[in-house]
1. Could you give me the residue pairs with C-beta distances under 7 Å whose first residue belongs to the range 48-63 and is surrounded by 12 or more Cβ atoms within 10 Å (Cβ to Cβ), whose second residue is part of a loop (DSSP other than H, G, I, E, B) wherever it lies, and which are 6+ apart or on separate chains?
2. Go through the range 153-166 and give me each residue that's surrounded by fewer than 23 Cβ atoms within 10 Å (Cβ to Cβ) and either in contact (Cβ under 8 Å) with a residue 24 or more places away in the chain or assigned to a strand (DSSP E or B) (or both).
3. Within the range 101-120, identify whether any single residue is under 22 Å from residue 195 (Cα atoms) and not assigned by TED's automatic domain parsing to the domain that holds residue 194, and answer yes or no.
4. Here are the criteria: (1) under 17 Å from residue 18 (Cβ atoms); (2) in contact (Cβ under 8 Å) with a residue 60 or more places away in the chain. Tell me which single one residue 213 does not satisfy.
5. Go through 43, 92 for me and flag whichever is of a type outside the set (A, V, I, L, M, F, W, C) and under 22 Å from the mean Cα position of the chain (by Cα).
6. Please go through the range 253-277 and give me each residue that is within 14 Å of residue 14 (Cα to Cα) and of a type in the set (S, T, N, Q), ordered by number.
7. Please tell me if residue 202 is among the polar types (S, T, N, Q), surrounded by 20 or more Cβ atoms within 10 Å (Cβ to Cβ) and either over 21 Å from residue 302 (Cβ atoms) or modelled with pLDDT of 95 or more (or both).
8. Of the residues that make up the range 173-193, is at least one more than 18 Å from residue 271 (Cβ to Cβ) and part of a helix (DSSP H, G or I)?
Amino acid sequence: MANTFPGKIMLFGEHSIACQSQALVVPFFAKTARWAFYPENEQTPTIKASAESLAALVEYLKNTPDLASSFNLEAFEAELKKALYFDSDIPQGYGAGSSGALVAAVYERFYVGPKPGDNKQLKALLSRIESFFHGSSSGIDPLCCLLQKTIKIDENGSLLSLADFTQEIDRFPVNVFLIDTQTTSSTAQMVAHFKEKLLHYSFFKRLNEQYIPANNQAIESFVTGDFSRFLVEAERISVLQQRELGRMIPDDFQQHFGPIGAEKPFTLKLCGSGGGGYLLGFTTEKEKSIRYLEEAGLQFEFPEFGR
């Protein structure tokens, strides 16, 4: 049984994965979570919120017949009574995998059903559990947190595990960084907003003809190390998100999206569902980017992705 579960960062494919785009998600070992038992009479607000969320999840599993028969819910409830909670430093509402890590941990600790035949079946099972938190889920986040490996999804939904990719990211000439918007977001609301936009043919057409090709090419160039092409596609994504998904970008950060320029030596994109939490940045000029971010008064970090 794993002692800790990492968060995750979906580098590419947020939202568009629902429209058969590629996606690339990496475990985020800088933020982790684990099971713990709190001392008697020392229930903090955070611990109380975790315990209440777990109790609600148990009720959801109970009321979903096929899931109920696949989990040892008696053991789950017994451990909750013994003060079990999920001790996590993964920020909630940030696109960093807080619910994905929890679902992975619940699966590993309490699942007693037939073992899924492959990762695609496992992803489908995990998606049903995570849907409790978000209304709908691709299952890719908890799968990444459970396997603790980078996962690439192709246009047909096939999964490719890239075991050592997080170490490679730290050696890439393109630096990946995070901006903290200092506000949380609701994945369910952002997913609902995206689905509403899909009802408009003009948006659906631009998504398929412009956004998804840029997303897929960014992934391919990132994985293969074609970084000049990668930056071109990352800039395209940033421009398209600014134009097409503006509601998902907090107002104070709109101006920092778009192409790399003389003054702004990086490009930004959404991290996860958007609406707040983290934003993802890419640059080949780390020190210049740091000066820009500091002068703009933004909270940021250049994390190491490897273990």
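1. Sorted first by the residue in the range 48-63, then by its partner, the list stays empty.
2. Here is the first cut: in the range 153-166, the residues surrounded by fewer than 23 Cβ atoms within 10 Å (Cβ to Cβ) are 154-166.
Hits for the range 153-166 are 154, 155, 156, 157, 158, 159, 160, 161, 162, 165, 166.
3. Step one: filter the range 101-120 for residues under 22 Å from residue 195 (Cα atoms), giving none.
No: zero hits.
4. With (1) under 17 Å from residue 18 (Cβ atoms); (2) in contact (Cβ under 8 Å) with a residue 60 or more places away in the chain applied to residue 213, the lone miss is (2).
5. On the way: 43 fails: under 22 Å from the mean Cα position of the chain (by Cα).
Of the residues listed, the single one that is of a type outside the set (A, V, I, L, M, F, W, C) and under 22 Å from the mean Cα position of the chain (by Cα) is 92.
6. 273, the sole residue that qualifies.
7. On the way: among the polar types (S, T, N, Q): yes; surrounded by 20 or more Cβ atoms within 10 Å (Cβ to Cβ): no; either over 21 Å from residue 302 (Cβ atoms) or modelled with pLDDT of 95 or more (or both): yes.
So residue 202 fails the test.
8. In the first step, residues of the range 173-193 are kept if they are more than 18 Å from residue 271 (Cβ to Cβ); the result is 173, 192.
Now narrow it down to the ones that are part of a helix (DSSP H, G or I): 192.
Checking the range 173-193: at least one residue is more than 18 Å from residue 271 (Cβ to Cβ) and part of a helix (DSSP H, G or I).
The values are calculated or read from the model by the stated rules, or taken from the named source; none is laboratory data. These figures come from a predicted structure and were not determined experimentally. Positions of Cβ are generated from backbone atoms using ideal geometry, with glycine treated the same way; all protein chains shown enter the neighbour counts.
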